[in-house]
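A.B. asks: Before I ask anything, here is the structure I am working with.
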Amino acid sequence: MLSAVRAAFRRGRSFSSVPGPTAGFTEAVGNTPLIYLKHLSERTGSSIYGKAEFQNPGGSVKDRAAVGVVRDAEDRGELKPGGTVVEGTAGNTGIGLAHVCRARGYKCVIFMPNTQSQEKIDLLRMLGAEVHAVPAVAYENPANYNHLARDHAKGLSNAIWTNQFDNTANAQAHYISTGPEIWEQTASSGLDAFICSTGTGGTLAGVGKYLKEKSGGKTQVWLADPPGSVLASYINSGGKLAERSGSSITEGIGQGRITDNLATIVKDLDGAFTVPDEKSIEMVYELLDTEGLYLGASSALNVAAAVELAIRLGKGSKVATVLCDGAYRYQSRLFSKKWLETKGLEGAIPQHLKKYAVLD
């Protein structure tokens, strides 16, 4: 699997020159810019970087996982031409898979919580995926969208359930692509820490493992958590898994268990903390206003966490995070005063930034 996935991500790439043409969608995934966040860096006296994963051809960091798990299934002989790919996803992995399936001639079936933005559901259907939006229930419930996806795949011939949460081909895709890219892009200045939120755990595990290995353990790896997730408390308590409670307006991140992907890095993490929704919403608007970046709430949470970590590490520190996707898939929520009011978050927007909340 390693050689095939590495070829999908790394063939003919160079950071010193413009990449040449790629052989289709899958080889266009990766090699995204690392953006220096000027205003936030100047404010903290540190260097804060965001990996621009919204520039992947499918629009999010999950394009990498989609390529990784499909390539892995092909290499194992589990997915043959004309087959069907089934996944349970909060949105972006499904979108990445729908793109990959269209490019490689597979059918795509997605099960997702009905709490996700309409923009995501509409896009999946426009990409030709069969979408089942089901009630959002806990993972322990047999009606959880992941279990429904698994059971649906079992009833089909020449079909796979890609199992993004516990299929470590997800983390491996980031270990051989995202991690090396960040390492090369910060080679001249070094990197003190990497931090991001996690849903499947693939990005944090793959990137974190690579950076730890290449730096000899000098680069710290932290987890940022939204409200309603148990991961920060699990790490800070030394491994006690609390009962999940509460919720967040962020989509696709947070977790009530330790996935197999996250398990590959969790013992080597240097720390974790929770970022309130208020800070994430404020950062959505601040990034638009000061950096010209139109990003979703999970990206904003990551940046807010990177700022907090840079402050903890002290002036002169260098911290990187992931800009997961753009705000286009969430704009009817994030830029609607009425929707934010229903969540008690309209007040999180500083007065001088309210001009961006233009949707009612």
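The values are calculated or read from the model by the stated rules, or taken from the named source; none is laboratory data. Predicted, not measured: the structure shown is a model, and the values here were computed from it. Glycine also receives a Cβ, built like all others from the backbone with ideal geometry; neighbour counts cover every protein chain displayed. To get the accessible areas, we keep the full protein, side chains included, count just its heavy atoms, and leave off ligands, DNA and RNA. Shrake-Rupley method; radii C 1.70, N 1.55, O 1.52, S 1.80 Å.
A.B. asks: Looking at GLN116 and the list (1) crowded, with 21+ Cβ neighbours inside 10 Å; (2) modelled with pLDDT of 95 or more, which single condition is not satisfied?
C.D. replies: If we test GLN116 against (1) crowded, with 21+ Cβ neighbours inside 10 Å; (2) modelled with pLDDT of 95 or more, just (2) comes out false.
A.B. asks: Let me ask you something else. From the list GLY96, GLY68, pick out the single residue that is crowded, with 24+ Cβ neighbours inside 10 Å and touching a strand residue (DSSP E or B) at 6+ places or on another chain (Cβ under 9 Å).
C.D. replies: Going through GLY96, GLY68 in turn, the sole match is GLY96.
A.B. asks: For region 242-268, give me each residue that is in a loop (DSSP other than H, G, I, E, B) and under 15 Å from TYR175 (Cβ atoms).
C.D. replies: THR264, ILE265, listed by residue number.
A.B. asks: Further, regarding this structure: Using the structure shown, decide if GLY246 is open to solvent by less than 20 Å² (accessible area, probe 1.4 Å) and either among the charged types (D, E, K, R) or at positive phi (or both).
C.D. replies: no
Quick grid of which residues meet (1) under 20 Å from LEU301 (Cβ atoms); (2) among the basic types (Lys, Arg):
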site	(1), (2)
LEU37	yes, no
ARG43	yes, yes
GLY50	yes, no
GLY58	no, no
ALA65	yes, no
ARG71	no, yes
LEU97	no, no
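A.B. asks: Going by the conditions given, is LEU287 in a helix (DSSP H, G or I), open to solvent by less than 10 Å² (accessible area, probe 1.4 Å) and either under 27 Å from ASN144 (Cα atoms) or not hydrophobic (A, V, I, L, M, F, W, C) (or both)?
C.D. replies: No, not satisfied.
A.B. asks: May I pose another question? If I filter region 292-319 down to residues being in contact with a strand residue (DSSP E or B) (Cβ under 9 Å, 6 or more places away or on another chain) and assigned to a loop (DSSP other than H, G, I, E, B), which single residue comes out as surrounded by the fewest Cβ atoms within 10 Å (Cβ to Cβ)?
C.D. replies: GLY316
A.B. asks: So ILE35 passes all but one of these: (1) of a type in the set (A, V, I, L, M, F, W, C); (2) open to solvent by 10 Å² or more (accessible area, probe 1.4 Å); (3) farther than 30 Å from ARG312 by Cα. Which condition number does it fail?
C.D. replies: Every condition holds for ILE35 apart from (3).
A.B. asks: Open to solvent by less than 10 Å² (accessible area, probe 1.4 Å), of a type in the set (A, V, I, L, M, F, W, C) and touching a Phe, Trp or Tyr at 6+ places or on another chain (Cβ under 7 Å): is that true of LEU211 in this structure?
C.D. replies: Against the criterion (open to solvent by less than 10 Å² (accessible area, probe 1.4 Å), of a type in the set (A, V, I, L, M, F, W, C) and touching a Phe, Trp or Tyr at 6+ places or on another chain (Cβ under 7 Å)), LEU211 qualifies.
A.B. asks: Moving to a separate point now. What residue, among those in region 320-356 that are part of a loop (DSSP other than H, G, I, E, B) and without any contact (Cβ under 8 Å) to a residue 60 or more places away in the chain, is surrounded by the most Cβ atoms within 10 Å (Cβ to Cβ)?
C.D. replies: PHE335
A.B. asks: Can you confirm whether ALA153 is more than 17 Å from the chain's Cα centre (by Cα) and modelled with pLDDT under 95?
C.D. replies: Spelling it out, it is not the case that ALA153 is more than 17 Å from the chain's Cα centre (by Cα) and modelled with pLDDT under 95.
A.B. asks: Of everything in region 32-65, what is touching a residue at least 60 places away in the same chain (Cβ under 8 Å), among the small types (Gly, Ala, Ser) and closer than 21 Å to LEU204 by Cβ? Give them in sequence order.
C.D. replies: SER46, SER47, GLY50, ALA52, GLY59, SER60, ALA65
A.B. asks: Let me ask something additional. Which residue out of SER47, SER60, SER41 is open to solvent by 20 Å² or more (accessible area, probe 1.4 Å) and of a type in the set (S, T, N, Q)?
C.D. replies: Matching residue, one of SER47, SER60, SER41: SER47.
A.B. asks: I would also like to ask the following. Kindly evaluate THR198 against the criterion of being at pLDDT 95 or above, buried (at least 24 other Cβ atoms within 10 Å of the Cβ) and over 17 Å from ALA272 (Cβ atoms).
C.D. replies: No: the conditions fail for THR198.
A.B. asks: Can I ask one more? Taking the criterion of being acidic (Asp, Glu) and in contact with a strand residue (DSSP E or B) (Cβ under 8 Å, 6 or more places away or on another chain), would at least one residue in region 116-130 satisfy it?
C.D. replies: yes
A.B. asks: Scan ALA169, ALA173, ALA205, ALA159 and give me the residue that is farther than 25 Å from ALA300 by Cβ, surrounded by 24 or more Cβ atoms within 10 Å (Cβ to Cβ) and in contact with a helix residue (DSSP H, G or I) (Cβ under 6 Å, 6 or more places away or on another chain).
C.D. replies: Criteria check complete, one pass: ALA169.
A.B. asks: Having 2 or more residues that are more than 26 Å from LEU191 (Cα to Cα), at pLDDT 95 or above and in contact with a Ser or Thr (Cβ under 8 Å, 6 or more places away or on another chain) is the bar; report the strands (runs of 3 or more DSSP E) wholly within region 1-111 that clear it.
C.D. replies: Fully inside region 1-111 and qualifying: 84-88.
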